[in-house]
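Chemist: One structure follows; several queries about it will come next.
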Amino acid sequence: MRRLWVVGIVVALAAGSVVAASFLVDEPLRRVMEERINERLKGYTARVGKIDFHPAGFSLDLRDLAVAQNAHPHPPVLSVRELTASVHWGALLRGRLVADFRLEEPRAYINLIQLREEVKNKRSVDEQGWQEAVQSIYPLEINLFTILQGDFTYIDKDPERPLRASAIRLTADNIRNVRSEADPFPSGLYLEAVVFDSGKMVLDGAADFLAEPHPAVRASMLLERIDLGYFEPVAERYNLRLRKGDLSAEGEIEYAPQKRALELRKATIRGVTLDYLHTAETAKLEEARAEQVKGAAQEVANKPKTLIRVESLQVLDSEIGYVDREAENPYRLFFSVADLGVQNLSNHATEGEALVSMTGKFMGTGRSRLRATFRPEVRGADFDLDVRIEDTELAAMNDLLRTYGKFDVAGGTFSLYSEVGVKNERITGYVKPFFKDLEVYSPEQEKDKPLLKKAYEGLVGAVGKLLENPPREQVATQVDIGGPVENPKASRLETIAGLIRNAYFKAFLPGLEGNIRSEEDGSSSREEVPEDDGSKDEDGEENP
């Protein structure tokens, strides 16, 4: 019994000595570790508040860790309440000596100024020494990595609208591939976060953290109610004015050396308001940006290692517009209460045709329907486009009329019907604009205008009256389209933009002028409204 007491006392004294020694070694260890971390970091400086070393389990806790960018140190780009590093005992039982890292309440923060500094330095992650800095904290290679209650914030121009993900939970295991060497994605990966206070993001899949030249990831993705309004400051740099709206989506992503894929099974955008802004100051940037987008699209088109596929995309109850601030009278063209559907959109020809349909109200009044079929591109753009816009109030387009027609209207409606096909570098079809109940001259509206201006608009209005047709007939003309595509190498979007610019847009006023000329020389340009095809508009009413 006495020997047992002696052994117990010796063990207790030894344990106490170890504990006491650990307290004595904590501060010197903190200073050495902080120095070693900073020796490896390039452009950043780390501060370690406190270290607790636990010799019994060969683990340590770092508390109040902060990392700051040297050029712009306030605020720190990373702060961690507690980082725990220890032996990964599960891997040790399988004969592998690796580490388990757990970060509690890490806060990552970066603003636009810090981001620009990062871009200016042009250092890769390897060159910045992050991996070596982490390795200097604990001598073993990381095999299990966990984040609890993480937070990420990016501030662009508006500090009141941060891009923020909170309540981040991340688990990555088997990082050093200690269980299944042959599996192409041997490591488990799970990430979830609250996005912009109300949205949700989940990634659930697998990874290969040892892949060269960069780690590989394959995972299912879920996005719920992501508030798009938070991207407004970022969108402004691309001449986009983005207000409100939310995004939900589900699909799969893969980012690996041998393949890059984004496949969306279903994506829905609700209630977005989006305008493209054209200004004189940004005209050159717009052209350069268009070339960049075109180059990026051509880079991934039909590339076997890159797959982008959208099985179903819906844009619901939204407003989409174009604003020209460079015009003599700045104007905005838009579709309101727009519902847009896209099916089977892909960058690979083997995926087949893509279908696009849209309903809405042009300028808030004109019942509109658009249908398009995009076929796999072999020799340039290949698609069919059917457009129907009915009973748009012309007064809503007065800014446009003042700019290009030098007059405005007091009343009347505008409709447009068009069918266009693009195939084998040629374009065929027609554009048919209609004008009805045209009232150009209004004494009340025109009372403050110069006399010559009044006379001109009065003449236009009088001609419009002369051209009024019997019931079911309208002032109309038809512009036939045919010939080679202006730029055979242009993308689909570029071809459609050229179509709007050179056919739809230019047919609007010339259509009215053509009727004026034909009436003067005795010919007739009166045409019946296109026959009813039995379809219904978005309100469920029969098309006239």
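Chemist: What about D208, is it over 18 Å from A165 (Cβ atoms), in contact (Cβ under 8 Å) with a residue 12 or more places away in the chain, buried (at least 18 other Cβ atoms within 10 Å of the Cβ) and among the acidic types (D, E)?
Modeler: Taking the combined requirement at face value, the residue satisfies it.
Chemist: How many residues, within the range 136-150, are open to solvent by less than 20 Å² (accessible area, probe 1.4 Å) and at pLDDT 95 or above?
Modeler: So the answer is 1.
One line per residue, one yes/no per condition, for (1) at positive phi; (2) modelled with pLDDT under 90; (3) of a type in the set (A, V, I, L, M); (4) surrounded by 15 or more Cβ atoms within 10 Å (Cβ to Cβ):
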{"site": "I155", "(1), (2), (3), (4)": "no, no, yes, yes"}
{"site": "E160", "(1), (2), (3), (4)": "no, yes, no, no"}
{"site": "L163", "(1), (2), (3), (4)": "no, no, yes, yes"}
{"site": "L170", "(1), (2), (3), (4)": "no, no, yes, yes"}
{"site": "N177", "(1), (2), (3), (4)": "yes, yes, no, yes"}
{"site": "V194", "(1), (2), (3), (4)": "no, no, yes, yes"}
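Chemist: Would you point out the residue of the range 391-400, among those that are in contact (Cβ under 8 Å) with a residue 40 or more places away in the chain and of a type in the set (A, V, I, L, M, F, W, C), that is surrounded by the most Cβ atoms within 10 Å (Cβ to Cβ)?
Modeler: Going through the qualifying residues, I end up with L394.
Chemist: Strands (runs of 3 or more DSSP E) wholly in the range 302-390 with at least 3 residues that are open to solvent by 40 Å² or more (accessible area, probe 1.4 Å) and in contact with a His (Cβ under 9 Å, 6 or more places away or on another chain) - which ones?
Modeler: 306-324
Chemist: State all residues of the range 43-70 that are touching a residue at least 40 places away in the same chain (Cβ under 8 Å) and outside any loop (DSSP other than H, G, I, E, B); if no residue qualifies, say none.
Modeler: Y44, A46, L60, L62, Q69
Chemist: Any idea how many residues of the range 356-389 are among the aromatic types (F, W, Y), closer than 17 Å to Y417 by Cα and within 23 Å of the chain's Cα centre (by Cα)?
Modeler: Count: 0.
Chemist: Here is a further query. Is the range 169-191 home to any residue that is in contact with a Lys or Arg (Cβ under 6 Å, 6 or more places away or on another chain), touching a residue at least 24 places away in the same chain (Cβ under 8 Å) and assigned to a strand (DSSP E or B)?
Modeler: No: the range 169-191 contains no residue that is in contact with a Lys or Arg (Cβ under 6 Å, 6 or more places away or on another chain), touching a residue at least 24 places away in the same chain (Cβ under 8 Å) and assigned to a strand (DSSP E or B).
Chemist: Hey, another quick one. Please verify whether the range 99-108 includes one or more residues that are without any contact (Cβ under 8 Å) to a residue 40 or more places away in the chain, under 23 Å from the mean Cα position of the chain (by Cα) and open to solvent by less than 50 Å² (accessible area, probe 1.4 Å).
Modeler: First, pick out the residues of the range 99-108 that are without any contact (Cβ under 8 Å) to a residue 40 or more places away in the chain: none.
Checked the range 99-108: no residue is without any contact (Cβ under 8 Å) to a residue 40 or more places away in the chain, under 23 Å from the mean Cα position of the chain (by Cα) and open to solvent by less than 50 Å² (accessible area, probe 1.4 Å).
Chemist: Give just the number: which of (1) in contact (Cβ under 8 Å) with a residue 60 or more places away in the chain; (2) touching a Gly at 6+ places or on another chain (Cβ under 8 Å) does G380 not satisfy?
Modeler: Of the numbered conditions (1) in contact (Cβ under 8 Å) with a residue 60 or more places away in the chain; (2) touching a Gly at 6+ places or on another chain (Cβ under 8 Å), the odd one out for G380 is (2).
Chemist: For the range 22-42, check the following and say yes or no: at least one residue is at pLDDT 70 or above and not in a helix (DSSP H, G or I).
Modeler: Yes - at least one qualifying residue is present in the range 22-42.
The values are calculated or read from the model by the stated rules, or taken from the named source; none is laboratory data. Nothing here was measured: the structure is a model prediction, and the numbers come from that model. Cβ: placed from backbone, ideal geometry, glycine included. Neighbour counts: every protein chain shown. Just the protein is used for accessible areas: all its heavy atoms, side chains included, with ligands, DNA and RNA removed. Shrake-Rupley method; radii C 1.70, N 1.55, O 1.52, S 1.80 Å.
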